[in-house]
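The values are calculated or read from the model by the stated rules, or taken from the named source; none is laboratory data. Model, not experiment: these values are computed from the prediction. Quick reminder, even Gly has a Cβ in these numbers, built from the backbone with ideal geometry, and neighbours come from all protein chains shown.
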Amino acid sequence: MARPDMALMTNATVHGFAVAPGSALFTEEDLAILGQVDAAIRYGHELLEWWTANRETRVRVNSFPIARQIHEPDLNYGFLLDAHLRSGTLPVVGVIQDQLMRWPKLPPDRPRDPDWMRAQLRAFILKYFMRMAGTQPAYRAGPVGGDAKPGSGSDDRLGWGYRQKFYKLADGTVGKFTPAQQTALIALDEVFPKYLWIVYEVKIHQFDMSFGVPGAANGPTFNVSMTQPVHTVMTPRFLVDEQRPQPGVVGEYGYGYSVVPNPTLDPIVTDGPSAIKQTIETLTFRVLENGSVRAHMNFITPQPARIINRDPVQLAFDLADRLSFNTASTLLAPLKTFLEGIEPHVDPVYLSMNVLNAMTLGISSEEFGIDKETLFKTFMNLHFTDVFKMYNLAASHFAMVRDWTDTAALPAWATAGVFTPPGSTLS
Amino acid sequence: MTIAEPDVEHALAAGRDLQAWWTDVEAGKQSVERFELLPAFPGGNAVRGFFGDARAGGATDPYMGYSADYFFDLGGGATADGPQTAAWLTDQVEEFALRYWLRTDAWALPQPYPQVDPPTPPAWLKFLDLNPSSKHDLVGMTNLLRTYKQRANGATGRFPDAVARAIVDLRELESTYEWITMERRARGLHVTIALPWGSGLSLSMPLALSEVQAMHADLTVRRRNPTPDILGEFGQAFCPVPPTGTATQADRLDSLQTGLRLQTLRVRANGEVRLKIVTIARRCPGAIRRFADVSALTRTAQALLTMSRSAGPAPTSEQVEQHLLSTHAIHLRDTLLGTRTVWQQVTDWCDPAAIPAWIVEGRHG
């Protein structure tokens, strides 16, 4: 959604590319995002090549577990590595997960038909999955005292919400989907070759970090919501549509994308979803010979150079101004100028970690895990948990319909991608 | 943890009363104030909350709660498999719901991995620990057998710790046990207050980590063909046994450890399996009022710090109760629907050889 200060422009005033006929009007924010797409594609393809070449070798050797799962053979692991790309060395962190998605119950004397399941999965993933990832209405209990009524928080949804925002046609023209088109996602097997790429806006719900109160292991926690829309670009190289790609796998389907940063946002966390770049994610699903369906996810992102996207001096003076009715900045202007001069680009999180470790001779890292590595693992655990929940939600949707190839029998929420609670009293 | 036999008997008596009351409510013979707690979604109707007065355990008290009905699974492959598969599925669901379900709750969600968790600081530094959860604690719910009363001779006893995780087959309540008690530990259940400035910051406060629940054959659900569309319904109602003295602690959120919990799986003729949850708990106005006051305080602070005239109205007690109920409903839903992962991974629940040892033993790691 365009911010209020981002006025609509007439497409005749757009420079840098030819506007596709029928395109919706662009905003300044749209153009800022579109300005990042080519670089995102370049970074994405480069990382994808590196990932393909290293996923079974260096990544495996340098992996560590992210979460404990009893459901064998479900698996998950993360890694911290230097990715040697053509454009240079990039320290990256990643998480990989693989989980059961569907294994329908059948009497033992009834034969399973993996090819029937393959047809089901292909239809579901390529035509409906992205539409339905955000189908669930607001569900989580909103915090007491929040702006929304309890239970109806506008951002308190489950899963991920996809919208298709921008496209580049084969003739090189660039367009923006109209609001009505944005939720009617084009089936993935119909995207190419008509389009060269599509930019999606993904809203990742329930992306929160929690911090405990010292000394209270089961006490209150402070939560920071990191739910933000993130833009991603998909090219043909990220699309997976394969029949019998390897022994034991009847079919594999899915998609991936490279993250497009939104330069008009100013998130507090530098590695928040809207700000990351040089990041790829692939979501794939495969049918095995025994008829079971498994969901897989790969996520690779740079190790952040800083965590907080704020100048600590400015933060301190902002707080002081609030407490002093805006007099602190005026009275202490020389001090502020002096401090900004000596610490202009320090990350308060990393700085605090380093100072703590220095003051405690390493105890804060060794005994409490207050270090960069633990922080990265925590981020990866957050991402794992969010994808795990989203896949479980998708598994539930997949199981609800007996035949995804029978388009006439599909429920409206599956085809429209929007679920309207019947007779709901909640807005 | 001491579990006194009279407390169990009292909780069961109150539970039977509440079960009868709820049956009347569903039949329209008793009225309650209903409200939509959570909206409908694919596979489920709206979760309906309620406030009402019920007579249970010899006293009439105000109660609150909710009922929910969720999609759980759809058996079979192609459409032609439907009727035969549904009949077979009914046996599967009975075996899972009555023998194994309570042993697998703890594995509904992935667990924090020890190597990912921050290290445990030494005891003398514990007070500085920022880790929001204790190491090695399980996510979701953990069920542990505690005490029993035998049918044959009325003898009571405590289950050995070695078998505490292998919750007994609930059908044994019809033959071996008069009642059993189980400690259910729920992690991640908390109430949340929004912090000022619309910053996306919030403060969560954990609710009771564990409660003791009593089970009796009267409260076991084991029905075949209860209606033309339902081939079978299986599950259990639990009666929370309040901690000693709760009767005088009506102003504590602990009074959520009262009332009745019901969870069943039922198989429809088309092979669909659905999960039903009913939660009934006594209202706790004192604690709720204090909770609302804390939220009002944060709004006042917001108004002062931002120099705005108003930061919006403070939540009412009813809104706080609805928040509490919706938090409880979602936590329970996540955990119980999460067991579908376990449910799916066993090809035949009636074949003991096909059940992994960790499920049979309720082993956690």
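Computed values, structure above
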read-out: Selection within segment A:64-95 - under 20 Å from residue A:276 (Cβ atoms), out of contact with any strand residue (DSSP E or B) (no Cβ under 9 Å at 6 or more places or on another chain) and outside any strand (DSSP E or B); value: A:87
read-out: Some residue of segment A:78-88 being surrounded by fewer than 15 Cβ atoms within 10 Å (Cβ to Cβ), under 21 Å from the mean Cα position of the chain (by Cα) and not polar (S, T, N, Q); value: no
read-out: Residue check for residue B:20: farther than 30 Å from residue A:110 by Cβ, modelled with pLDDT of 95 or more and not in a strand (DSSP E or B); value: yes
read-out: Selected residue [modelled with pLDDT under 95 and more than 30 Å from residue A:396 (Cα to Cα)] from B:4, B:68; value: B:4
read-out: Residue B:326 small (Gly, Ala, Ser), at pLDDT below 85, within 19 Å of residue B:263 (Cβ to Cβ) and in contact with a Gly (Cβ under 6 Å, 6 or more places away or on another chain); value: yes
read-out: For residue A:203: the one exception among (1) among the charged types (D, E, K, R); (2) modelled with pLDDT under 90; (3) farther than 21 Å from residue A:416 by Cβ; value: (3)
read-out: Number of the exception - residue A:178 against (1) surrounded by 15 or more Cβ atoms within 10 Å (Cβ to Cβ); (2) under 28 Å from residue A:397 (Cα atoms); value: (1)
read-out: Residues (free of Cβ contacts under 8 Å to residues at least 60 places away in the same chain and more than 21 Å from residue B:341 (Cα to Cα)) located in segment A:86-115; value: A:86, A:87, A:88, A:89, A:109, A:110, A:111
read-out: Hey, residue B:320 among the β-branched types (Val, Ile, Thr) and crowded, with 22+ Cβ neighbours inside 10 Å or not; value: yes
read-out: Options B:171, B:222, B:185; residue that is within 23 Å of the chain's Cα centre (by Cα), modelled with pLDDT under 95 and surrounded by fewer than 19 Cβ atoms within 10 Å (Cβ to Cβ); value: B:185
read-out: Boolean, residue A:145 is of a type in the set (Gly, Ala, Ser), at pLDDT below 85 and over 23 Å from the mean Cα position of the chain (by Cα); value: yes
read-out: Extreme residue, farthest from residue B:105 (Cα to Cα), among residues of segment B:348-365 that are modelled with pLDDT under 85 and small (Gly, Ala, Ser); value: B:365
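Yes or no, residue by residue, for (1) closer than 30 Å to residue A:224 by Cα; (2) at pLDDT below 70:
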{"residue": "B:208", "(1), (2)": "yes, yes"}
{"residue": "B:213", "(1), (2)": "no, no"}
{"residue": "B:228", "(1), (2)": "no, no"}
{"residue": "B:234", "(1), (2)": "no, no"}
{"residue": "B:241", "(1), (2)": "no, no"}
{"residue": "B:245", "(1), (2)": "no, yes"}
{"residue": "B:256", "(1), (2)": "yes, yes"}
